[in-house]
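Worksheet: the structure to be examined is printed underneath.
A short reminder: the numbers here are calculations on the coordinates, not readings from a lab. Computed from a predicted structure; not experimentally measured. Please note: Cβ atoms are built from the backbone with ideal geometry, for glycine as well, and neighbour counts cover all protein chains shown.
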Amino acid sequence: MPTLLQLKNVTKTYGSQDTKFDALKNINLKIDSGEFVSITGPSGSGKSTLMHIIGLLDNPTSGKVILENKNTSKLKENQLASLRNKSLGFVFQQFNLLSKTSSLDNTILPLLYSDIPQKEHKKLGIKMLDKVKIKNKASNTPAQLSGGEQQRVAIARALINNPKIILADEPTGNLDSKSGKNIIKLLKRLNKEGKTIILVTHDLSLAKLANRMITIKDGQIKC
Amino acid sequence: MLKPNPRELLKSSFKSIFKNKTRTLLTSLGIIIGVTSVILLISIGNGLKSFINDQFESLGSNFVIITAGKIFNEEGGFNNEGAYTTFSFNKKDVTTLKRKLKNINAVIPASQSTVKAKFQDTIKESMLIATTTDYAIYRKQKLKQGRWFNESEQKKESKVVVLGSKIAKNLFQNTYPINKKVSIGSANFKVVGVIEEVGGTLGGPSFDDYIYTPLETGFNFMENDGIQSIDIAVKNKEDIALIKKETEKILLDSYDEDKFSVFDQNKILSSINTILNTLTIALTGIAAISLVVGGIGIMNIMLVSVTERTREIGLRKAVGAYPRAILLQFLFEAVILSVFGGSIGILLGSIGTIALNNFFPAKVTIESILLAFGVCCAVGIIFGVAPARRASKLSPIDALRYE
């Protein structure tokens, strides 16, 4: 499988001089297309920082992030936004759905910033909600959905632009165990359909469900 | 290409704003009040101008007017001191003008004096205008009852009067006034006619309170026999400027230039319009302060909105929103808030103008609506830029972490 994402000597340092601290230290990592990778580690180990850098939401202090053979450190803010829109789908622990906005409108939010014509938005949104089995709640607002359902909407939103990589940051953190399991099942299914999944979790039992587990401690990859 | 396209951006901004209707209404209140006041004041200014123009038209045009005293100042406004002159013209001046001026219909002298008019037990103060029969013809006096005094009465210095509609009503109540006697000073005058109502004169003495009598008759009963004003009825409008010049020349042979004023109706109109324009601009400017206050209110709420929606901004950036898309969304929201308030203001201002028109001349113009609309857009942009820039500059990761 071709390499989809590569991190070369990535370091992320916060603070300055006296308060300086390295959240990530010289990280080297390769993720191939179609992989299901989990990133795990204790709280404060740097796994969220790693996910933000992989997701192009944050810049490394040094090192390179190569996504689809593009060195992202040389890209401007608008180009990064475009790459996030086309190649990455985010699933957050807090769901991050827009309140007072229907499931369908939440799902199609990334399409607003894409090249896909507006007339196709609704059709695609319904298709994605159907894929995560929540089509019947298309007009419901987040307040009218359970936690599991909200996360499904968030996954549908992550899938809408058909990105190569789904980045899931503690996607089951706010769910009961049954809903959590269903979300992991859904992610596994998406992986089987060809999506590259990067799951960030502190829960070892979930992390083990991935094809490859990366443990991070004190800003460094342990295995 | 702009992403999202402006239509989508507008839709999204509308949705965000109208999620909280009460807040939207309260935020727009400053703009609503400001625009309503601006529309009302401009409408009143415009209404007054057209009212005065109509009044002048109804009194007859094509006149060169001569008055005693210098009544205009150098800036084109009215000269207060000029109104209190003791100078007056005489009958010889009238004869000279009649003889020397060409292409004119009439030279109409008028002398005026404040008098007390009495009918039975009712006494009313009035202005007695002593003039000629030509006044009725060229000043287009329409009579409600009776007739204007005639040439023969003028020659015989008959004690006859024509009453303005208001003084007639005040003196005679329900009695038919024609051929009744009115006491002015020590003499009794026969009422021969009553003029139709002319209407208000915006604070000055009302023409409806005037009493008209033949010139010579008036001289017999007035304390002076001076002529305070002379109207020259010109045949063609195009000749007004030339006749004005000739008139000045003729009068300068007898008097110093600061003793009299020669002007036409346009001069008075433009002087009144200058005053009205200045007043309208000043009052509209004061009302516009509330637009600035409204704009600050919008900026305040937009800053609150940016803070409240920090996570949303982070999310939008995470899913691919360019900084410019975020900037435009918040800017559109500020402009929509302002234009929403402005539209309600325009509506209320227009309704207010229609209501006001029953009591006072007021007229909404398309220019005032466009001005108000333009100012609203400008207020939205000016006061929306700072919050929108703040939103667009948020780092996606800081925004997503915001609690």
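Quick notes on this structure:
- Estimated purely from DSSP H runs of n ≥ 4, each contributing -39500 (n - 2.57), the mean residue ellipticity at 222 nm for chain A is -9000 deg cm²/dmol once divided by its residues.
- Couplings for segment B:252-257, taken from phi via the Karplus curve 6.51 cos²θ - 1.76 cosθ + 1.60 with θ = phi - 60°, read 5, 5, 10, 10, 6, 5 Hz in order; Gly and Pro are left as x.
- Taking amide H as placed 1.01 Å from N in the peptide plane, residue A:216 has its amide H under 5 Å from the amide H of A:40, A:41, A:222, each at least 5 places away in sequence or on another chain.
- Axis angle, to the nearest 10 degrees, between helix A:121-131 and the longest C-alpha principal axis of chain A: 80 degrees.
- Residue-averaged beta-carbon neighbours from other chains (10 angstrom radius) around A:54-62: 2
- Listed values for segment B:299-313 are Karplus-derived 3J(HN,Hα) couplings in whole Hz (6.51 cos²θ - 1.76 cosθ + 1.60, θ = phi - 60°), namely 4, 4, 5, 5, 5, 4, 4, 4, 5, 4, 9, 4, 5, 4, 4, and x replaces Gly and Pro.
- Trypsin sites (Lys or Arg not before Pro) restricted to segment A:141-223 and DSSP loop, no more than 11 other C-beta within 10 Å: A:208, A:222
- Number of partner chain Cβ atoms within 10 Å, mean per residue of A:154-160: 1
- Rounded to whole Hz, the Karplus (6.51, -1.76, 1.60) HN-Hα couplings of segment B:6-11, x for glycine and proline: x, 5, 5, 5, 4, 4
- Taking the charge dipole of chain B about its Cα centre, with +1 at Lys and Arg Cβ atoms and -1 at Asp and Glu Cβ atoms, the residue from B:165, B:219, B:41 reaching farthest to the positive side is B:41.
- For the peptide B:319-329, the mean number of other protein chain Cβ atoms found within 10 angstrom of a residue's Cβ is 6.
- Long-range Cα-Cα pairs in the protein assembly as shown (distance over 34 Å), rounded percent: 62 percent
- Degrees, to the nearest 10: B:323-356 long Cα axis against longest axis of chain B: 30 degrees
- Chain B: angle of helix B:91-100 to the longest principal axis, Cα-based, in degrees nearest 10: 80 degrees
- When DSSP beta bridges are restricted to pairs lying wholly in chain A, around 50% turn out antiparallel.
- Annotation: amide H of residue B:260 within the under-5 Å range of B:69, sequence separation 5 or more or interchain, hydrogens built in the peptide plane.
- Around the Cα centre of segment B:108-232, unit charges on the Cβ atoms of Lys, Arg, Asp and Glu (plus for the first two, minus for the last two) sum to a dipole of about 480 debye.
- Among B:122, B:110, B:174 - extreme Cα towards positive end, dipole of segment B:108-232, charges at beta-carbon: B:174
- Theoretical ellipticity at 222 nm over chain B - DSSP helices of four or more residues, -39500 (n - 2.57) apiece, nearest 500: -18500 deg cm²/dmol
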